[in-house]
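Scroll down for the structure; my scribbles are underneath it.
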Amino acid sequence: MRHHNTNRKFGRERKQRRALLRSLAISLINNEKIETTEPKAKEIRKYVEKLITKGKKGDLAARRLLNSKLGSGGGGASKKIIEDLAPRYKDRPGGYLRIIKKGNRIGSDGAPMAIIEFVK
């Protein structure tokens, strides 16, 4: 039984899955909009919304937590969260991201695609 195992595995081992989520999160934060598969978009939404909520505090502990989750070489993603994204959503209690379903990918797998972006 899979009680309390809500995370998607994506057919990857734990470290590979963590690296995938981290790289998708950094791309989303830096570009504010990415196109990916629908399951990855749904999983990355949970990951990034928690980071934005932590970034709202803006203190040293929040900065260190963001650096640990995104890596220090995240292209300034943690800095962008604290200085740009967190003040934008200071009055919003959650729901910072929007997922727009796009249809199936043309090709061999036909995976359902989606666009994930920040709400303006």
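Going down the list Lys15/Lys56; Lys54/Lys102; Lys79/Lys102; Lys15/Lys120; Lys15/Lys42; Lys15/Lys54, which pairs span over 26 Å between their C-alpha atoms? Beyond 26 Å between Cα atoms: Lys15/Lys56; Lys54/Lys102; Lys79/Lys102; Lys15/Lys120. Going from the residue with the fewest nearby Cβ atoms within 10 Å to the one with the most, Val119, Val48 rank Val119, Val48. Residue exposure proxy: Ser78, Ser72, Ser27, ordered by other Cβ atoms within 10 angstrom of their Cβ from fewest to most, comes out as Ser72, Ser27, Ser78. Maximal additional length on extending the Arg17-Asp109 stretch stands at 31.1 nm, based on 0.36 nm per residue less the C-alpha distance.
Every number in this text was worked out from the coordinates using simple rules, so none of it is lab data. Computed from a predicted model, the values in this text were never measured in an experiment. Cβ coordinates were reconstructed from backbone atoms using ideal geometry, including for glycine residues, and neighbour counts include every protein chain displayed.
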